[in-house]
């Protein structure tokens with residue numbers, strides 16, 4: 001369904017579901033509400049993402065994975081020991097993080113050769129990471145060739161802290177990106193799978209009707225208030 005077809009579908013949906021005299025929406029207004037509807041659909045779908053095949057199929061076009069190389073050192077003047085930093089994209093690019101991994105390089109105790117392994121991360125904050133450092137059983141410590149470095153977010157950077165027995169070469173994030181902002185004038189269509197477009201139309205129609213009813217109710221209350229004030233005066 002193109003953006004033009006979506007506009008038509010929303011208008012038809014309003015005509016079929018309401019006996020009210022509806023306002024004439026400008027294309028820009030419908031773009032606004034359709035984008036709100038897409039956003040609402042994604043938020044609802046994410047709550048059960050990957051729990052069922054149908055939900056996964058609904059938003060799979062927004063799933064991305066990026067790999068960022070790291071460099072030794074911490075962000076700013078923090079000077080954290082055994083820290084590796086990756087410059088990541090603007091967080092506004094992604095809506096939800098779905099999974100994080102890293103590539104670590106360590107010296108294998110048996111072969112005495114350096115090996116690379118893909119591992120998970122240990123989530124930490126600027127306040128809590130010291131607690132992990134002081135914990136001898138923390139998962140960020142290399143043990144039997146396994147380690148999950150501490151991960152801290154700092155603005156558009158991610159810091160990964162090891163225990164000095166391995167280095168972190170790459171940060172890998174799988175995420176749900178924000179959808180395209182649809183626009184009739186710009187001819188930008190919804191980039192979600194076509195089989196969910198009708199669901200988005202239903203959401204938009206419901207939101208518009210709710211907004212119209214709310215506005216009219218508020219207008220009625222304002223008029224009633226003015227009449228009451230005039231009577232008392």
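Just so it is clear, none of the values below were taken in a lab; they were calculated from the coordinates. This is a predicted model, so every value here is computed, not measured. Here Cβ is always computed from backbone atoms with ideal geometry, including for glycine, and neighbour counts include all displayed protein chains.
Residues of the stretch 68-112 with backbone nitrogen within less than 13 Å of a virtual label 7 Å along the Cα-to-Cβ line of residue 191, please, listed as ranges.
Of the residues in the stretch 68-112, 93-95 have backbone N under 13 Å from the label point off residue 191.
Want the number for residue 16 to residue 165: 0.36 nm per residue separation, take away the alpha-carbon distance, what's left?
Working: separation 149, 0.36 × 149 = 53.64 nm, distance 6.66 nm.
Extra length from residue 16 to residue 165 when fully extended: 47.0 nm.
Give, in nm to one decimal, the length gained when the segment between residue 64 and residue 8 is fully stretched (0.36 nm per residue of separation minus the Cα-Cα distance). It would help to have the intermediate numbers written out before the result.
On the way: separation 56, 0.36 × 56 = 20.16 nm, distance 3.10 nm.
This chain segment gains 17.1 nm when fully extended.
Assuming 0.36 nm per residue, please report the length gained on full extension of the stretch residue 117 to residue 134 beyond their Cα-Cα distance.
Values: separation 17, 0.36 × 17 = 6.12 nm, distance 2.47 nm.
Roughly 3.6 nm would be gained on extension.
So what does the Cα-only Debye profile of the stretch 70-218 read at q = 0.09, 0.12, 0.14 Å⁻¹, as log10 I(q)/I(0), no solvent term?
The Cα Debye sum returns log10 ratios of -0.47, -0.65, -0.76.
Whole angstrom only: what separates the Cα centroid of the stretch 159-182 from the Cα centroid of the stretch 184-214?
33 Å
Sorted by packing (mean other beta-carbon atoms within 10 Å per residue), highest first, where do 132-140, 203-211, 167-175 land? Spell out each step's value before the answer.
Numbers: 132-140: 14.2, 203-211: 17.8, 167-175: 19.7.
The packing order, highest mean first, is 167-175, 203-211, 132-140.
What is the packing order of peptides 61-67, 176-182, taking the mean over residues of other C-beta atoms within 10 Å and listing the highest first? Please list the in-between numbers first.
Working: 61-67: 14.6, 176-182: 17.4.
The peptides rank, most packed first, as 176-182, 61-67.
Counting other beta carbons within 10 Å of each Cβ, put 152, 12 in order, fewest first.
Details: 152 25, 12 12.
Listed from fewest to most nearby Cβ atoms, that is 12, 152.
Calculate how many DSSP beta bridges within the stretch 62-177 are antiparallel, expressed in % of all such bridges and rounded to the nearest 5. Intermediate values should be presented prior to the final figure.
Details: 38 of 40 bridges.
That works out to approximately 95 percent antiparallel.
With the crude spin-label approximation of a point 7 Å out along Cα→Cβ, what separation in nm comes out for residue 146 versus residue 212?
Using points 7 Å along Cα→Cβ, the separation is 5.9 nm.
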